[in-house]
1. Using mean Cβ contacts within 10 Å as the protection proxy, how do 42-50, 30-38 order, highest first?
2. Identify all lysines with a Cα-Cα distance to LYS13 below 18 Å; exclude those on the same chain that are fewer than 8 residues away in sequence.
3. In square nanometres, what is one fourth of the surface area of the convex hull spanned by the alpha carbons of region 3-86?
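Every number here is computed from the coordinates shown, using simple stated rules; none is lab data. Predicted model only: the values in this text are computed from it and were never measured. Note that each Cβ is placed from the backbone with ideal geometry, even for glycine, and that neighbours are counted across all protein chains shown.
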Amino acid sequence: MGLISKFYNNMMKINKKIAISESGFVFNPTTGDSYSLNPIAAEILDMLKKDLSEDEITDALLEKYDVTASVLHRSIDEFIDTLKEMKILENE
């Protein structure tokens with residue numbers, strides 16, 4: 001099971017205090033930390049905000065980008081880890 005599956009099984013959600021702009025700028029008012037996401041990371045974060053499933057996120061990105069499923073899964077898993085470390089994701 002990939003990390004994104006664990007993410008959904010643990011019912012983690014984007015921290016409600018996090019401010020996210022359409023341009024991919026993320027601000028955590030609790031810590032004062034801010035981050036700038038690349039366009040693909042911003043797209044994934046937007047899909048997570050919409051509560052899309054792992055399959056829906058993967059399918060959408062596989063249709064749009066020239067990437068193998070294994071590389072995509074690994075990249076999403078790493079991104080989810082990063083979101084957890086940055087405290088952008090929280091337990092529901």
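1. The most tightly packed comes first, giving 42-50, 30-38.
2. Partners found: LYS49, LYS50, LYS84, LYS87.
3. Values: hull surface 21.2 nm².
Dividing the Cα hull surface by four gives the mean projection, 5.3 nm².
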